[in-house]
Amino acid sequence: MEDAYGHRIAYLRVSITDRCNERCRYCMPEELQEWLPREDILSYEEILRVIRVGTGLGIRKVRITGGEPLTRRNVLDFFRAVNTIDGIEDIGVSTNGTLLASEPEETGITMAQHLVNAGVRTANVSLDTLDPEIYRQTTGRDYFDRVLQGLDAAKAAGFESIKLNAVLMRDSNEDQLVAMIRFAHERGLLLRFIELMPVSTTDVLKDERFLATGSAKKLIESEFGSLTPRPEYKTNGPASYYEVPGMDGQLIGFIGAMTNLHFCENCNKLRLTCDGKLRPCLGSYLEFDMKEVLRHPDVTDNDIAAFFQHVVDRKPKEHDFRNDYTPNRKMIAIGG
């Protein structure tokens, strides 16, 4: 699949639940979330069919998200099934990390090890601060130690890559950036700093809370000296990577959806929400109801493939975040 701007679509982010065991302010404000009824959520079988058809159209990487994906029942069986689909070259998971050290099947094996055994290669773990009290205020939960245990379990399990994702928030974690770089370096983790995007409530998105990646970079360079650009280093996302001087090749990434005017130039992804909407862009109102197609009694794989192409043909050139964008869904409902 190729969109109108020459982007080869090879990456599908799949949300499997709108549920989460945390209440991060920029993702799922607790008082505003209404859970979707079970019948409105795609079944595992429906999701697997979408992925299978997608691989025939060029999808090669799948990242499983939520909500918190590891809260969904029988999630390990789902990951094992994804791993059997021909054509998938890379399976990743995005998680808050709080369940990675748990032992879900009472076999003495951690969730992290089960995921690796099921073919999951990469884990993205959300961690915005190293201050337990700031963590509690940001997430609404006192789970900081669980995340640290989860990261240890992930390292022991042998993921090919573990990325820490930190959302930049002024008056919340700008004093943590240097400490987080040292933390990532000590544990051999890739750290990315992400600008706050308009996918939450207006109180979170006030101008005084926004911290641009350029400002964060200056704060970091005041401690370490000039960062060295590494434009040749690429992952599957839009991060720009830099090497931190004096830290044995430690890389950090910046994801600046609001300030990077070239942010969308190499986008190769689609998003499938847990309630079956296929979205060609995170920062666009466009979404198309794949669930209606999937649940038609006579639907064929060719029908699903045609629907994929219909959505790709409508993929916008760039997001609308800089145009007074007001989201029609919170991030929890789109998928992290």
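The values are calculated or read from the model by the stated rules, or taken from the named source; none is laboratory data. Note that the structure is a prediction, hence the values are computed from the model and not measured. Cβ sites come from the backbone with ideal geometry, for glycine too, and all protein chains shown count toward neighbours.
Identify the residue in segment 90-108 that is in a loop (DSSP other than H, G, I, E, B) and out of contact with any helix residue (DSSP H, G or I) (no Cβ under 9 Å at 6 or more places or on another chain) and, among all such residues, is modelled with the highest pLDDT.
Here the answer is Gly108.
Considering only residues that are in contact with a Gly (Cβ under 9 Å, 6 or more places away or on another chain) and either outside any helix (DSSP H, G or I) or of a type in the set (A, V, I, L, M, F, W, C) (or both), which ones fall in segment 121-152?
Across segment 121-152, the qualifying residues are Arg121, Thr122, Ala123, Asn124, Val125, Ser126, Leu127, Tyr143, Val147, Leu148, Leu151.
Filter segment 88-125 down to residues that are in contact with a strand residue (DSSP E or B) (Cβ under 7 Å, 6 or more places away or on another chain) and farther than 30 Å from Gly58 by Cβ and give me whichever is surrounded by the most Cβ atoms within 10 Å (Cβ to Cβ).
Asn96
Could you look through segment 126-142, keep only residues that are of a type in the set (D, E, K, R) and closer than 15 Å to Leu177 by Cβ, and pick out the one that is surrounded by the fewest Cβ atoms within 10 Å (Cβ to Cβ)?
Here the residue is Asp131.
Consider Leu70 carefully, then state whether it is assigned to a helix (DSSP H, G or I), in contact with a strand residue (DSSP E or B) (Cβ under 7 Å, 6 or more places away or on another chain), over 25 Å from Gln309 (Cβ atoms) and hydrophobic (A, V, I, L, M, F, W, C).
yes
Give all pairs with beta carbons closer than 8 Å in which a residue from segment 171-182 that is touching a residue at least 40 places away in the same chain (Cβ under 8 Å) meets a residue that is among the basic types (Lys, Arg); count only pairs at least 6 apart in sequence or on separate chains.
Ser172/Arg209
Being out of contact with any strand residue (DSSP E or B) (no Cβ under 7 Å at 6 or more places or on another chain), assigned to a loop (DSSP other than H, G, I, E, B) and either of a type in the set (D, E, K, R) or surrounded by fewer than 19 Cβ atoms within 10 Å (Cβ to Cβ) (or both) is the filter here; which residues of segment 273-304 pass it? If you could, list the steps in order and put the result at the bottom.
From segment 273-304, those out of contact with any strand residue (DSSP E or B) (no Cβ under 7 Å at 6 or more places or on another chain) are 275, 281, 283-285, 291-304; that's our starting set.
Next cut, assigned to a loop (DSSP other than H, G, I, E, B) only: 275, 281, 283-285, 295-300.
Matches in segment 273-304: Asp275, Ser284, Tyr285, Arg295, His296, Pro297, Asp298, Val299, Thr300.
Suppose we filter segment 209-268 for residues that are surrounded by 20 or more Cβ atoms within 10 Å (Cβ to Cβ), of a type outside the set (Val, Ile, Thr) and in a helix (DSSP H, G or I); how many remain?
Count: 1.
Does at least one position in segment 50-64 carry a residue that is under 16 Å from the mean Cα position of the chain (by Cα), closer than 11 Å to Val14 by Cβ and among the aliphatic types (A, V, I, L, M)?
Scanning segment 50-64 turns up at least one residue that is under 16 Å from the mean Cα position of the chain (by Cα), closer than 11 Å to Val14 by Cβ and among the aliphatic types (A, V, I, L, M).
Considering segment 57-96 alone, what residues qualify as being within 12 Å of Cys20 (Cβ to Cβ), of a type outside the set (D, E, K, R) and in contact with a Ser or Thr (Cβ under 7 Å, 6 or more places away or on another chain)? Talk me through it step by step, then tell me what you get.
Initially, segment 57-96 is screened for residues within 12 Å of Cys20 (Cβ to Cβ), giving 65-72, 94-96.
When the remaining residues are screened for being of a type outside the set (D, E, K, R), the result is 65-67, 69-71, 94-96.
Within segment 57-96, Thr65, Gly66, Gly67, Pro69, Leu70, Thr71, Ser94, Asn96 qualify.
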